[in-house]
1. Grab the beta carbon distance between residue 373 and residue 221, set R0 = 51 Å, and tell me the FRET efficiency rounded to 0.05.
2. At 1.4 Å probe size, with every protein chain present, just tell me what the per residue accessible area of region 88-212 comes to in Å².
3. For the pairs 307/375; 271/472; 279/375; 53/108; 269/366, flag any whose C-alpha to C-alpha distance is greater than 27 Å.
4. Roughly speaking, to the nearest percent, how much of region 349-399's 1.4 Å accessible area is carbon and sulfur?
5. Could you list which residues have their amide H under 5 Å from that of residue 418, counting only those 5 or more apart in sequence or on another chain, with H placed in the peptide plane?
6. In whole Hz and in residue order, list the ³J(HN,Hα) couplings for region 382-396 that follow from phi through the Karplus curve 6.51 cos²θ - 1.76 cosθ + 1.60, θ = phi - 60°; x for Gly and Pro.
7. Ranked from highest to lowest mean number of other Cβ atoms within 10 Å per residue, what is the order of the peptides 477-489, 386-398?
Amino acid sequence: MIHVKYSIKTKIFLIILIPALILLFAVYLDYMNLNSLGRSADRILSKNYRSIKSAHRIGSLLAANQNQLFGMLLFNGKTKTENKGTDDQISHLIQTCEDNITEPGEDKIIRLLLGKYARYSRLFGLLQNASGFENNKPSHELYHEFLSLTTSMNSDLNNLIQINEGAMEAADETTQKIARRALRYSIGLLVSAILFTLIFSFIFSSRISRPLTDLAQRIADIKEGSGDYPQFPITTRDEIGFLTAEFNRLLERLKLYDQLSADKLMAEKLKVRRAEEAKAQFIADLSHQLKTPMTSLSMSVSILSDKMSGSLGDRLEKLLQTAREDCTRLSALINELVDIARLDVMLKPRTRELLGIQAMVGECVKPLLCQADEKGVELLTEIEPGLPSVSIDSLRFPWVITNILGNAIRYTERGGRVTLRASKRGNRCYFQCIDTGVGMQTEYLPRIFDRFTQFSERKEKGTIGLGLAIAKEIIEEHGGDITVASKVGAGTVFTFWLPISVEENS
């Protein structure tokens, strides 16, 4: 018994598992790409954005300080505000920019801003504390230096903003690249999973169906009763292999069963053959034992009837005629028994010979001419010209023609006619025995070729009903067939044919 190693259920599970793993890997790659996208977005929205926001805020505060000094200039130093809060804000914002340095060049700009802002803060404090600008030349110089420094700081802030905006644009482009790459990977993996599933499913379904198809075909090729039961190769270790192994066991048992059946059939055939041989031997012995005394009795009755004709009374004449007819019937019956016994002895087919139809029919008809003349029946033959030779048993098949013609003469009254025709139709040679005899009733025709079939006409003629049965067996052994058509008072037609082999006439 085969052990199932990889079941079909396991193989189907693997078919589902592998695409599932591919899809899971695709999900993992998508997750990693999404993380990359998140990190890229974080870079865009956090450090660079905070640096830009702080730079804009510093610029706003610088502008506010500048506006404050303009106000003091307009009102001749009468408007003063506290600078401590603004100064802390700008210092904090510059520190924020320094904490969020991500791009090359930012560090240098911030160092410049820190240096400039220290001077800026000192100048702004001095300008705030100045009482007026109209007669104070140093204040005018300080103011011009303040404006120049503010412009320089704004320029640095713009450079800082441009660097971070460029970094944000580069990060956005990187994000788009990551997104496109993630999309390509996802589509590629999805298409790969689908193609893999289709290809692997096709291959696996073929691997499953091919052994089943081969097994079914091999089983279909096994001929019933042939006794040839092959062993199928086991190519898989799954349920199909198990099924194949079980079929092998079944075929082994069938082979053993057929062998036992064949032995029993052979024994039965041998038993039947021995019974047939014993019967044939009995009939042969009986017919030979009866033939000699029957011949003497028939001759004696005939001589007595001829000598005493006219000298006896009507009653004795009638009895003597009845005895003569009974002797004739008994002689015919014994002769048929002798023929049947001789045919049963040669039931085993002999080597066939290639014979011409014209010559064979002539040999068959010759011994029947005297019988037909005595009966007053016309015996004719109609042979189609150019008939090919046929391969037949030269002993048994001519007997078929002789037997059928003899029956036709026997059942045809004086003045009647018996005709034997031979013709070719396709690859067959047809023979027809047509008589104008008494005919047969329709209900007897289906059983006319059965052994020992008896009906009134046969009983009257002293036959036992074996000749046509044996004739049919001989014709069938030659690959042909025989049929009969008859009507009471209109005669009987026997039609039988033999195949004409192409090789026989090539």
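1. Working: r = 61 Å, r/R0 = 1.20.
Taking R0 as 51 Å, the efficiency between residue 373 and residue 221 is 0.25.
2. Values: 7280 Å² over 125 residues.
Per residue, region 88-212 has 58 Å² of solvent-accessible surface.
3. Values: 307/375 23 Å; 271/472 24 Å; 279/375 33 Å; 53/108 19 Å; 269/366 38 Å.
Pairs exceeding 27 Å: 279/375; 269/366.
4. Working: 1490 of 2800 Å².
The C+S portion of the solvent-accessible surface of region 349-399 is 53 percent.
5. Amide H neighbours of residue 418: 378, 379, 380.
6. 10, 9, 5, x, x, 5, x, 6, 10, 8, 9, 7, 5, 9, 8
7. Most protected by this proxy first, the peptides run 386-398, 477-489.
The values are calculated or read from the model by the stated rules, or taken from the named source; none is laboratory data. Just so it is clear, the structure is predicted and the values come from calculations on it, not from any experiment. Quick reminder, even Gly has a Cβ in these numbers, built from the backbone with ideal geometry, and neighbours come from all protein chains shown. The area values use the complete protein model at the heavy-atom level, side chains included, leaving out ligands, DNA and RNA. Shrake-Rupley method; radii C 1.70, N 1.55, O 1.52, S 1.80 Å.
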